[in-house]
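Enquirer: Would you mind keeping the following structure in view while I ask a few things?
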Amino acid sequence: MSFNPEFARLGEILIHQDAATEQQVQEALKKQKNLGLKLGATMLKLGAISEKQLLNALQLQLDYEIVKEDELLGLDTEVVKLIPEPFAVENRVIALRKQENTVIVAMTDPDNIVIHDSLQKLLGANIVPVLISETNLTDTLEKYYKGIRTSTQVQDAVGDFEFVAVDEDENEITIDSKADADAPVVKLVNLIITEAIKSNTTDIHIEPLTSNTRVRFRIDGALREVMSPPIGLHAGMVSLIKVMSKLNIAERRLPQDGHISLKTSVKSVDVRVSITPTVTGEKVVLRLLDKGEFGFSLTTLGFSSNDLDIFHKWIKRPYGITIVSGPTGSGKSTTLHAGLKEIKNIENNIVTVEDPVEYRLDGITQIEAKEKIGLTFAKALRSVLRQDPDIVLIGEIRDEETADIAIKFSLTGHLVFTTLHANDAPSTITRLVDIGIPPYLVASSLNLVMAQRLVRKICSNCVEDYKPKPAELIAAGITDKQAKEIHFKQGKGCVHCDNTGYSGRTGIFEIIEVNSEVRKLIFAGENQDIIREAAIRNGMHSLHASGIDKMKQGITTISEVVKLTVSDE
């Protein structure tokens, strides 16, 4: 007798499809009442089946079409808005398309007659339900209704204001309105910062263009445009941010740097403010620093097992310097703070001098350098020496004076962690000499030098095979023969990753252990190419090789490796 899924129960279909065992179905039936869920949702919660297996079973049972992920990317917000957000969230539905008097609606439970009838009355149209997974629905609801909310809030903030340009020499815009001009500006700035915090943004760019202001968020290392309010609000936004960060409102010709401390319902953040005059007006860049508990550990940063063992070994030494180098935003401070978190104990006095303090670590003395009041890095470090430290973290070596103090700390029995801006590990060593530190002191004090970058990770929800172009293989230094042995991957783009194909970042690293051979080369004043050759002979993997490894593991893409590293050829 043939199996007919249309007349079978969900549990029977799952068993027939080999998605679940009879024992798992029976266990779910027992727990279903207590959980107050349907059988499929219960089995999902118990981890007995995947969302895909449940969708396939429901499709067989109910004969509804499953929504394709591609369809969720370019939805018309005017159609989505047909269903109010509270109704959509509560009843787990979203409007996809409208065709004459018919609305196609994605539902997690398309067989629910009550929801179906309510939708028909609400929309005044025929409803064609399609199946969607709970995860896809949640992400799609968040993506589109967040955009709708933001657009509405920007419009509410702007209201019916009329914007009139004044004398071009002043490069200013005045706001002409019957209402209080500050109200929309306050709402808009608050909206921008709140949305940035919710999105885990690291930087906010507010830049004046010809006819509007462009607001972009840096998420996972890449900038994304999120809104474009009228240019007439720009001057007010800049003035408000200056007031919040205690900067000079009247000064529009020179760059200014400030700081804001904010408490929101989501979390507390420190905001570094940079304002720079441009030909179209003042551009604002806000760097957001989370004041919450430091949640990283060395094991979650992306180290290979071998590199992690090496890093562990050297951060537990009693004295010497460990330097991490890389450009701004490459995760240097995160790595060093994760190292401090690993080695801190009741017996060690750990002191940091930073500008600013990016992460708060309980049980560690953290000092924030403040140039405006004369508390420079050098002055703070001299004070630290009288605080009986065992381990010192210097936020950044910026000049010869700071470097000289770091060297002296390490040579007098202290373990020193610090960062430096350099392209790779070998050039970090020569950079210290360029700053003015004699080679013999550099050679005597260095323990470990590490360069790092952050590459974006492929979104696990839309990962697919990828065939790179010949030009990409050449740029990545990969031969045709090597390419045949690599399974290249990329993210197709979906609602989970906001159609970027990436979600999250991980580190790639280049580590030089300063052993006797490398020490002799530094002492002799050899250049970075000679030091690199020696480091590779001693087992160093370059940034490029580390990136290729991540690519081979299906973690990142060839385009990320090409963008962030230089081929070793």
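Enquirer: Spot the failing condition for G302; the list is (1) surrounded by fewer than 17 Cβ atoms within 10 Å (Cβ to Cβ); (2) part of a loop (DSSP other than H, G, I, E, B); (3) of a type in the set (G, A, S), and only one is missed.
Expert: (1)
A quick yes/no check of all residues on (1) open to solvent by less than 20 Å² (accessible area, probe 1.4 Å); (2) in contact with a strand residue (DSSP E or B) (Cβ under 9 Å, 6 or more places away or on another chain); (3) farther than 18 Å from W314 by Cα:
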{"residue": "G331", "(1), (2), (3)": "yes, yes, yes"}
{"residue": "I350", "(1), (2), (3)": "yes, yes, no"}
{"residue": "R360", "(1), (2), (3)": "no, yes, yes"}
{"residue": "I367", "(1), (2), (3)": "no, yes, yes"}
{"residue": "E371", "(1), (2), (3)": "no, no, yes"}
{"residue": "G374", "(1), (2), (3)": "no, no, yes"}
{"residue": "E396", "(1), (2), (3)": "no, yes, yes"}
{"residue": "E400", "(1), (2), (3)": "no, no, yes"}
{"residue": "D404", "(1), (2), (3)": "no, no, yes"}
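Enquirer: For the range 198-213, how many residues meet the condition of being free of Cβ contacts under 8 Å to residues at least 24 places away in the same chain, assigned to a loop (DSSP other than H, G, I, E, B) and touching a helix residue (DSSP H, G or I) at 6+ places or on another chain (Cβ under 8 Å)?
Expert: Looking only at that region, the number is 1.
Enquirer: How many of the residues in the range 121-133 are out of contact with any helix residue (DSSP H, G or I) (no Cβ under 6 Å at 6 or more places or on another chain), outside any strand (DSSP E or B) and surrounded by 14 or more Cβ atoms within 10 Å (Cβ to Cβ)?
Expert: Qualifying residue count, the range 121-133: 4.
Enquirer: Also, I was wondering about something else. Across the range 546-564, what is the number of residues that are surrounded by fewer than 23 Cβ atoms within 10 Å (Cβ to Cβ) and either more than 19 Å from the chain's Cα centre (by Cα) or touching a residue at least 12 places away in the same chain (Cβ under 8 Å) (or both)? Steps first, please.
Expert: Filtering the range 546-564 for residues surrounded by fewer than 23 Cβ atoms within 10 Å (Cβ to Cβ) gives 549-550, 552-555, 559, 562-564.
With the extra rule that they be either more than 19 Å from the chain's Cα centre (by Cα) or touching a residue at least 12 places away in the same chain (Cβ under 8 Å) (or both), the set shrinks to 549-550, 552-555, 559, 562, 564.
Selection size over the range 546-564: 9.
Enquirer: For the range 357-402, which residues satisfy the criterion of being farther than 18 Å from S333 by Cβ and hydrophobic (A, V, I, L, M, F, W, C)?
Expert: Within the range 357-402, I373, L375, A378, L385 qualify.
Enquirer: Which one of the conditions (1) in contact with a Gly (Cβ under 9 Å, 6 or more places away or on another chain); (2) over 21 Å from I204 (Cβ atoms) does S274 fail to meet, given that it meets all the rest?
Expert: (2)
Enquirer: Tell me which of these R253 doesn't satisfy, since it passes every other one: (1) without any contact (Cβ under 8 Å) to a residue 40 or more places away in the chain; (2) assigned to a helix (DSSP H, G or I).
Expert: Of everything listed in (1) without any contact (Cβ under 8 Å) to a residue 40 or more places away in the chain; (2) assigned to a helix (DSSP H, G or I), R253 misses just condition (2).
Enquirer: Any chance you could count how many residues in the range 217-245 are over 20 Å from L262 (Cα atoms), of a type outside the set (A, V, I, L, M) and free of Cβ contacts under 8 Å to residues at least 24 places away in the same chain?
Expert: The qualifying residues number 2.
Enquirer: Sort out which residues of the range 342-362 are over 25 Å from H259 (Cβ atoms) and not hydrophobic (A, V, I, L, M, F, W, C), and write them in order of number. Spell out how you get there, then give the answer.
Expert: Here is the first cut: in the range 342-362, the ones over 25 Å from H259 (Cβ atoms) are 342-349.
Scanning the range 342-362 gives E342, K344, N345, E347, N348, N349.
Enquirer: If I filter the range 307-329 down to residues being touching a residue at least 60 places away in the same chain (Cβ under 8 Å), surrounded by fewer than 16 Cβ atoms within 10 Å (Cβ to Cβ) and not basic (K, R), which single residue comes out as farthest from E358 (Cα to Cα)? Break it down into steps so the answer makes sense when it comes.
Expert: Residues of the range 307-329 that are touching a residue at least 60 places away in the same chain (Cβ under 8 Å), as a first pass: 307, 310-311, 314-315, 317-329.
Now restrict to residues that are surrounded by fewer than 16 Cβ atoms within 10 Å (Cβ to Cβ): 317-318, 327-329.
Of the ones still in play, those that are also not basic (K, R) are 318, 327-329.
Values: P318: 25, P327: 16, T328: 13, G329: 12 Å.
Applying the filter and picking the extreme gives P318.
Enquirer: Need the failing condition index for E560 against (1) of a type outside the set (K, R); (2) closer than 30 Å to L75 by Cα; (3) not in a helix (DSSP H, G or I), just the number.
Expert: Of the numbered conditions (1) of a type outside the set (K, R); (2) closer than 30 Å to L75 by Cα; (3) not in a helix (DSSP H, G or I), the odd one out for E560 is (3).
The values are calculated or read from the model by the stated rules, or taken from the named source; none is laboratory data. Just so you know, these numbers come straight off a predicted model, no measurement behind them. Positions of Cβ are generated from backbone atoms using ideal geometry, with glycine treated the same way; all protein chains shown enter the neighbour counts. All accessible areas refer to the heavy atoms of the entire protein, side chains included, with ligands and DNA or RNA removed. Shrake-Rupley method; radii C 1.70, N 1.55, O 1.52, S 1.80 Å.
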